[in-house]
Amino acid sequence: MPNIASHSSNPISRANAVRIFVSFAAGYFLSYALRSVNAALAPLLASDLSLSAGELGWLSSAFFLSFAAMQLPLGIWLDRHGARRTESYLLIIAAIGALVVAAGQSLLMISIGRIMIGIGVSACLMAPYAYFRRSFASHKQAQLALWMLIAGTSGALFATQPALALAEWIGWRPFFVLSAGLLASVAAAIYFMTGDHDLHHNTPLTADQPTSLISLLRHPIMLRVIPTTIFFAGGFAAFQSLWAGPWMTEVLGMSPVEASEKLLFFNAALLVSYIAMSFISPRLEKRGIPLASQSVAAFFWFLICGIIMLVWRAYPSWIMWLVFTPGVPAVILMQTQTALAYPKNMAGRVLTTFNLVMFAGVFVIQWGVGLLTDMFKAFGMNSRNALTSAFLCLVICQCVSLFFYFWKKTPKTAATDQAMS
């Protein structure tokens, strides 16, 4: 565990800092695991409840729909009430939702439960990010953010074979009862162990600060990073959660079992990349390479890897999915860099606005790649070339978004961490 003790005027002891981090990290572990677990439990749910593929898809999308919708009020709650109360109260809703899923005998009841889980875990990353922004030194932000992502990726790994093995052993309904107990336990840990350090120095918003969603989206700092957030961060998440599998089966000619194995390697490599970058990024900052420069370098790395994937479509090219993982943490760090460019009393609104943009990117690209693939098939392409052409469109959009990032310079009068904190 890195040294994350605060260097502020109201310092947090190292032991307390570790308790705070572990409490929030446990919440994000559960959030990511419950977000992803439907894929592993799908055979059990479909068999027990006679669900169709479309109904299974709805159960997953219901979670994301409620999760994304919560980003709008979440930023206001984090700024007004702090991370401790906001996340712990919401996690109780998630725990009740897990019990509803466990007891559900119909698609409607399980959908309600999944929606409640999505609402309840919606703060599990933004709450700690806002808390860290206000309570810990600026040079600790990247490391803290990456350690949270390590916790989330660990949850994603647990939600594969380990979760399925546990559900097959005790049953999928007791699995969700157990999940409810864990969610309630983490809610209690966050409420009683983290404190309100993030509110100690929080100041009221002033009239000249952007507060609404529209004003934040139009603000020069946010506006500059919106396209790269959509097409790089959103594009990565869209392929990680959906299109990576079809790429390996349709384009590289793998069997579903082989693709599943390679995706496990990919997620493991991603976890290693998060761990490595949590130590490398602070050292790069000390050497004068800011988070924004690290992210820009990762943008170019994504483009290079994407072009190679488009050109080299033989079976061995799956290795490129491992090669590009070191760039993922730096791409995600653009969120931390953006939060640092605004005053601490806006951290909740800024982080949730950024998150909403990224989720919009995931939605648009997941759907857009599918629509483009179908369109190219309608023009006579086979599945392999159609998906490749859709991926090419994404790479072109990434190039355009990167050009916009360099062209849309932030005005010198725009607020910075030093000027506005």
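The values are calculated or read from the model by the stated rules, or taken from the named source; none is laboratory data. This structure is a prediction, so every number in the text was calculated from the model and none was measured. Neighbour counts run over all protein chains shown; Cβ positions are idealised from the backbone, glycine included.
Summary of values
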{"quantity": "Pair list, Cβ < 6 Å and 6+ apart or interchain, from the range 381-394 residues that are over 13 Å from V311 (Cα atoms) and among the acidic types (D, E) to residues that are crowded, with 21+ Cβ neighbours inside 10 Å and at pLDDT 95 or above", "calculated": "none"}
{"quantity": "One residue from F176, F232 being buried (at least 20 other Cβ atoms within 10 Å of the Cβ), modelled with pLDDT of 90 or more and assigned by TED's automatic domain parsing to the domain that holds I396", "calculated": "F232"}
{"quantity": "Criterion violated by I93 - all others in (1) touching a Ser or Thr at 6+ places or on another chain (Cβ under 7 Å); (2) over 16 Å from Y32 (Cβ atoms); (3) of a type in the set (A, V, I, L, M, F, W, C) satisfied", "calculated": "(1)"}
{"quantity": "Condition met for S23 (modelled with pLDDT of 80 or more and over 25 Å from the mean Cα position of the chain (by Cα))", "calculated": "no"}
{"quantity": "Residue that is farthest from A102 (Cα to Cα), among those in the range 26-64 that are within 15 Å of the chain's Cα centre (by Cα) and among the hydroxyl-bearing types (S, T, Y)", "calculated": "Y28"}
{"quantity": "Residues within the range 264-274 that are of a type in the set (A, V, I, L, M, F, W, C) and under 16 Å from the mean Cα position of the chain (by Cα), tallied", "calculated": "2"}
{"quantity": "Long-range neighbours under 7 Å by Cβ, at least six apart or interchain, first residue closer than 19 Å to W147 by Cα within the range 276-296, second hydroxyl-bearing (S, T, Y) and part of a helix (DSSP H, G or I)", "calculated": "L291/T336; Q294/S281"}
{"quantity": "Selection count where residues are outside any helix (DSSP H, G or I) and either touching a residue at least 24 places away in the same chain (Cβ under 8 Å) or in contact with a Phe, Trp or Tyr (Cβ under 6 Å, 6 or more places away or on another chain) (or both), scope the range 319-360", "calculated": "3"}
{"quantity": "Checking F192 against (1) at pLDDT 80 or above; (2) in a helix (DSSP H, G or I); (3) surrounded by 14 or more Cβ atoms within 10 Å (Cβ to Cβ), the condition it does not meet", "calculated": "(3)"}
{"quantity": "Condition met for S61 (free of Cβ contacts under 8 Å to residues at least 40 places away in the same chain and more than 30 Å from W147 (Cα to Cα))", "calculated": "no"}
{"quantity": "Filtered residue count, the range 285-299, keeping only those that are in contact with a helix residue (DSSP H, G or I) (Cβ under 6 Å, 6 or more places away or on another chain) and of a type in the set (A, V, I, L, M)", "calculated": "3"}
{"quantity": "Hits in the range 131-150 - residues which are closer than 24 Å to A237 by Cα and touching a Leu at 6+ places or on another chain (Cβ under 7 Å)", "calculated": "F132, Q141, A142, A145, M148, I150"}
{"quantity": "Residues being closer than 20 Å to G27 by Cα and either surrounded by fewer than 19 Cβ atoms within 10 Å (Cβ to Cβ) or not assigned by TED's automatic domain parsing to the domain that holds L34 (or both) - total across the range 158-173", "calculated": "4"}
{"quantity": "Sole residue being assigned to a loop (DSSP other than H, G, I, E, B), of a type outside the set (V, I, T) and in the same structural domain as Y28 (by TED's automatic domain parsing), chosen from L74, L91, L59, L51", "calculated": "L51"}
{"quantity": "Residue among I92, I110, I117 that alone is of a type in the set (A, V, I, L, M, F, W, C) and more than 17 Å from Y28 (Cβ to Cβ)", "calculated": "I110"}
{"quantity": "Options Y89, Y131; residue that is modelled with pLDDT of 90 or more and more than 19 Å from V18 (Cα to Cα)", "calculated": "Y89"}
{"quantity": "Condition check for R85: basic (K, R) and surrounded by 20 or more Cβ atoms within 10 Å (Cβ to Cβ)", "calculated": "no"}
{"quantity": "Looking only at the range 111-136, and only at residues there that are within 13 Å of the chain's Cα centre (by Cα) and not in a helix (DSSP H, G or I), the one that is surrounded by the fewest Cβ atoms within 10 Å (Cβ to Cβ)", "calculated": "L125"}
{"quantity": "Residue within the range 257-270 that is crowded, with 23+ Cβ neighbours inside 10 Å and part of a helix (DSSP H, G or I) present", "calculated": "yes"}
